[in-house]
Amino acid sequence: HAKHQGRNAFAWFEPQMAEELHLRTELEDKIRKGVKAGEFIPYYERQIELASGRLTGFEMLARWQSPELGIVSPDIFIPIAEDIGAIAELSENVIRQALEDAKGWPRELTLAVNISPLQLRDPWFAQKLLKLLLEANFPPDRLEIEITESCLHHNVGQVRSLLTSLKNQGIKVSLDDFGTGYSSLAQLRSLPFDRMKIDRSFVERVHDDQDSAAIVRAIAMLGEGLHLPITAEGIANADILGELLKVGDLKGQGYYYGKPRPAGELAEWLAETVAQAAPCQGVSGRLA
Ligand code: C2E
Ligand code: MG
Ligand code: MG
Ligand code: MG
């Protein structure tokens, strides 16, 4: 609109732009310092086998505990951390903490972490991740990384060989936010994913919008045909869960099961798991 208001528009617009620029620069600075000061911490969201209600693991979601701003959402700080080249260090810090936390969980639970497309372009990424696992003495086959489709339109060949070497170490790879990006079905076939996660934007309307329901069903069928297990994210209420239970054998997560919590507040959820697992322990012990 400013364009159409002629010269005067600038007199009004300019201070605001300067202000925004100033805020942005300040935020960048706070993030850089925050990474060094250990202000980025993991929160955890439950991942559930929908049919049984069984907890299968947690997705780690980073939070910025800023002394000045309070708890800040990753939608704000991840893009900025990527822009200023701080994402790798930030990510390593929260993953290192998450591996320590996850070591205290029952052995059958997995840990999922989100990885930025920028990190995947680092030729040393696989080595760095394995080093973190080794230092924490955490079994690679309990770790899942989640990557988004935006990784895929950039040098698919390099992504493929990276994913292959991670998989050879036992690490699982999930395609996050499926349905919102640019991945072609051919890439789905040629890249070694272990799981697809249906984006929240489809899931959250599956109970009251026919188009969303059709998309969710189609993705579930695709997953079945490609032997790719599916996770539905953004299960916000019982109506959504009810619809998903009709769609197929899925895993899921969302506010219905609880909002993400810090490591110190998982005890109640972990206790449920131990209680559920207890009667079968003899059996799984024998099978292991
Ligand atoms: P994501 O990996 O797709 O994670 C799901 C997001 O949806 C989380 O937001 C989660 O809290 C939110 N969510 C789950 N269930 C519901 C629901 O029922 N209703 C609503 N309204 N929201 C729900 P969060 O924690 O704000 O994370 C946003 C995104 O930030 C994540 O999306 C992920 O892409 C990114 N992110 C988080 N941590 C990291 C990290 O350590 N590294 C990188 N590169 N990205 C991260
Ligand atoms: Mg994710
Ligand atoms: Mg997602
Ligand atoms: Mg997302």
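The values are calculated or read from the model by the stated rules, or taken from the named source; none is laboratory data. These numbers come from a predicted model, not from an experiment. Methodologically, a virtual Cβ is constructed for each residue, glycine included, from the backbone with ideal geometry; neighbour enumeration extends over all protein chains shown. Ligands, DNA and RNA are stripped out before the accessible areas are found, and what is left, the full protein with its side chains, is counted by its heavy atoms. Shrake-Rupley method; radii C 1.70, N 1.55, O 1.52, S 1.80 Å.
What to note about this one:
- Considered as a group, the residues in segment 196-235 that are without any contact (Cβ under 8 Å) to a residue 24 or more places away in the chain and within 16 Å of ligand 1 (Cβ to nearest atom) include one that is most open to solvent (accessible area, probe 1.4 Å), and that residue is 205.
- Within segment 92-117, residues that are under 11 Å from residue 138 (Cβ atoms) sit with their Cβ atoms under 7 Å from residues that are part of a loop (DSSP other than H, G, I, E, B), at 6+ positions apart or across chains, in these pairs: 99/138; 102/138; 103/138.
Results for (1) open to solvent by 60 Å² or more (accessible area, probe 1.4 Å); (2) within 19 Å of the chain's Cα centre (by Cα); (3) away from ligand 1 (no atom under 14 Å from the Cβ); (4) modelled with pLDDT under 95, shown as yes or no for each residue.
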position	(1), (2), (3), (4)
237	no, no, no, no
260	no, yes, no, no
264	yes, no, yes, no
286	yes, no, yes, yes
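- All of (1) at pLDDT below 95; (2) within 30 Å of residue 161 (Cβ to Cβ); (3) part of a helix (DSSP H, G or I) hold for residue 220 with one exception: (1).
- Scanning segment 114-148 for residues that are more than 16 Å from residue 194 (Cβ to Cβ) and of a type in the set (Asp, Glu), we see that the one that is modelled with the lowest pLDDT is 122.
- Enumeration of residues in segment 140-195 that are outside any helix (DSSP H, G or I), away from ligand 3 (no atom under 16 Å from the Cβ) and surrounded by fewer than 16 Cβ atoms within 10 Å (Cβ to Cβ): 153, 154, 155, 169, 170, 184, 192
- Among the candidates 242, 248, the residue that is open to solvent by less than 40 Å² (accessible area, probe 1.4 Å), more than 30 Å from residue 96 (Cα to Cα), at pLDDT below 95 and not basic (Lys, Arg) is uniquely 248.
- So residue 199, is it closer than 21 Å to residue 116 by Cα and within 16 Å of ligand 4 (Cβ to nearest atom): yes
- Restricting 76, 71 to residues that are exposed (fewer than 14 other Cβ atoms within 10 Å of the Cβ), among the β-branched types (Val, Ile, Thr) and within 16 Å of ligand 4 (Cβ to nearest atom) narrows the list to 76.
- Of all the residues in segment 28-68, those that are touching a residue at least 60 places away in the same chain (Cβ under 8 Å), surrounded by fewer than 18 Cβ atoms within 10 Å (Cβ to Cβ) and part of a loop (DSSP other than H, G, I, E, B) number 1.
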